[in-house]
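Undergrad: Structure below; questions to follow.
The values are calculated or read from the model by the stated rules, or taken from the named source; none is laboratory data. Values in this document were obtained by computation on a predicted structure and should not be read as measured data. Cβ coordinates were reconstructed from backbone atoms using ideal geometry, including for glycine residues, and neighbour counts include every protein chain displayed.
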Amino acid sequence: MDRSMPVIDLLTFPSSWNLLYFPSDHPPQTLKIALFVKKWPQSSHAGGLERHALTLHLALAKRGHQVHIFTTSSPNTSIPNLVFHLSEPTVGGYLNQTVVWSQFRTQNSTATPFDIVHTESVGLMHAQAKDVTNLAAAMVTKKVMRVVEEVRFFPRYSHHVATSDHAGDILKRIYMIPEERVHIILNGVDEAIFRPELSLGNELKHELGIPQNGSLILGMSGRLVKDKGHPLIFQALKEIFMENNIFQQSVVLVIAGDGPWGARYKDLGANILVLGPLGRADLAKFYNAIDIFVHPTLRGQGLDQTPLEAILSGKPVMTTRVASLTGSVIVGPELGYTFSPTVESLKKTLYRVWKDGKVVLEKKGKAARQRGLKLFTATKMTAAYER
């Protein structure tokens, strides 16, 4: 060990822990972890919060930690080191706090109590959280709302993990959480699944009837709903197709996901392909088939996993200019493109991507992946959470 290197106190480190180096060969100690999450992901139907829980805790279990999950559903197959404690959800679809608290106390009163208690968002409500001294709450993709109410109960959580630099700043400035209790650990995705693999992309293009070296392929994935910016991209494409036949004939948009806007996209023409929700293996094919990932989200606090999956797959990202993404992901033009949340700005950026072409996009994708391998892998995220 180099004794000249300064010692860093992680609890007061102001920036993302992903910027630091953590040895990933062996965990510093084996932990017994409790996780509260309202729903465990089922196949391809999972929101950002559930996918974050899945990626993180599967990786923790693989590294030998024992993870007890208090939730309303479980996978069909058993997974080593994952123990599920199920309960019926409330009418509103949330965890029944009385039941899960009883389950937790039973497990915590054994000879080996929990080393750490982790709640995704506020899966474990603040009334119970105030009694747990080793509790960390991960703030993933929730909107910043009900500030007056939340400022009152957020301090009851011992530690807050923000999944973007912007979310960490909000917790400190708006929610007034002391800096030593706010820790920024950027989201990570499974680098063994999301990686450049030309054959996977060619396989999907063959299945969809897309020429191997012809059209420029744009890709979008996730929930096809209003707050993900789909009315914006729909209108921008509609106007471009009406004013530029060459663009329309030379561009294909492939969409992996479902939601109210899925059927509407089909009205734009035969070069709009809506695949529905995909599992992670098929998503890997999807990312390898596209030339650029389009992410028109209007939500600016959390850090969506879909652009990170695209980046680790070697694809550049074109995204709305929101603080969480420009502050943590697309930090320069060499990595991708950003646009204001207006139809005109989006159209201008789409035209620029089209004119830049595949060679420029490939160069940006390689640069984005090199940065992503340092910051956005499941391995890096897991090593940071272990600390």
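Undergrad: When residue 349 is evaluated against the numbered criteria (1) under 23 Å from residue 283 (Cα atoms); (2) touching a strand residue (DSSP E or B) at 6+ places or on another chain (Cβ under 7 Å), which criterion, by number, is the only one it fails?
TA: Tallying (1) under 23 Å from residue 283 (Cα atoms); (2) touching a strand residue (DSSP E or B) at 6+ places or on another chain (Cβ under 7 Å), residue 349 fails exactly one: (1).
Undergrad: Scan the range 82-116 residue by residue and report those that are within 24 Å of the chain's Cα centre (by Cα) and crowded, with 18+ Cβ neighbours inside 10 Å.
TA: Across the range 82-116, the qualifying residues are 82, 95, 116.
Undergrad: Within the group 239, 179, 197, which residue is in contact (Cβ under 8 Å) with a residue 40 or more places away in the chain, farther than 30 Å from residue 359 by Cβ and out of contact with any Phe, Trp or Tyr (no Cβ under 6 Å at 6 or more places or on another chain)? Can you show your working first?
TA: Values: 239 fails: farther than 30 Å from residue 359 by Cβ; 197 fails: farther than 30 Å from residue 359 by Cβ.
Going through 239, 179, 197 in turn, just one is in contact (Cβ under 8 Å) with a residue 40 or more places away in the chain, farther than 30 Å from residue 359 by Cβ and out of contact with any Phe, Trp or Tyr (no Cβ under 6 Å at 6 or more places or on another chain): 179.
Undergrad: A further question on this structure: Answer yes if at least one residue in the range 190-199 is loosely packed, with under 15 Cβ neighbours inside 10 Å and over 30 Å from residue 299 (Cβ atoms), and no otherwise.
TA: So in the range 190-199, the residues loosely packed, with under 15 Cβ neighbours inside 10 Å come out as 192, 198-199.
Adding the requirement that they be over 30 Å from residue 299 (Cβ atoms) leaves 198-199.
Yes, there is a match, as at least one residue in the range 190-199 is loosely packed, with under 15 Cβ neighbours inside 10 Å and over 30 Å from residue 299 (Cβ atoms).
Undergrad: Hey, any hits in the range 211-218 for a residue that's crowded, with 22+ Cβ neighbours inside 10 Å, in the same structural domain as residue 327 (by TED's automatic domain parsing), touching a residue at least 40 places away in the same chain (Cβ under 8 Å) and among the small types (Gly, Ala, Ser)?
TA: No.
Undergrad: Does the range 57-77 contain any residue that is more than 26 Å from residue 191 (Cβ to Cβ), touching a Ser or Thr at 6+ places or on another chain (Cβ under 9 Å) and modelled with pLDDT of 90 or more?
TA: Yes, that holds for at least one residue.
Undergrad: Looking only at residues that are of a type in the set (A, V, I, L, M) and assigned to a loop (DSSP other than H, G, I, E, B) in the range 64-110, which one is farthest from residue 50 (Cα to Cα)?
TA: 91
Undergrad: While we're on this one: Could you figure out which of (1) more than 18 Å from residue 317 (Cβ to Cβ); (2) touching a helix residue (DSSP H, G or I) at 6+ places or on another chain (Cβ under 7 Å); (3) among the hydroxyl-bearing types (Ser, Thr, Tyr) isn't true of residue 287?
TA: Checking residue 287 against (1) more than 18 Å from residue 317 (Cβ to Cβ); (2) touching a helix residue (DSSP H, G or I) at 6+ places or on another chain (Cβ under 7 Å); (3) among the hydroxyl-bearing types (Ser, Thr, Tyr), the one that fails is (1).
Undergrad: So, residue 332, is that one over 30 Å from residue 169 (Cβ atoms), at pLDDT below 95, surrounded by fewer than 17 Cβ atoms within 10 Å (Cβ to Cβ) and not charged (D, E, K, R) or not? Reasoning before the result, please.
TA: On the way: over 30 Å from residue 169 (Cβ atoms): no; at pLDDT below 95: yes; surrounded by fewer than 17 Cβ atoms within 10 Å (Cβ to Cβ): yes; not charged (D, E, K, R): yes.
No: the conditions fail for residue 332.
Undergrad: Tell me, please, whether a residue that is among the acidic types (Asp, Glu), modelled with pLDDT of 95 or more and in a loop (DSSP other than H, G, I, E, B) can be found in the range 247-263.
TA: For the range 247-263, residues among the acidic types (Asp, Glu), modelled with pLDDT of 95 or more and in a loop (DSSP other than H, G, I, E, B): absent.
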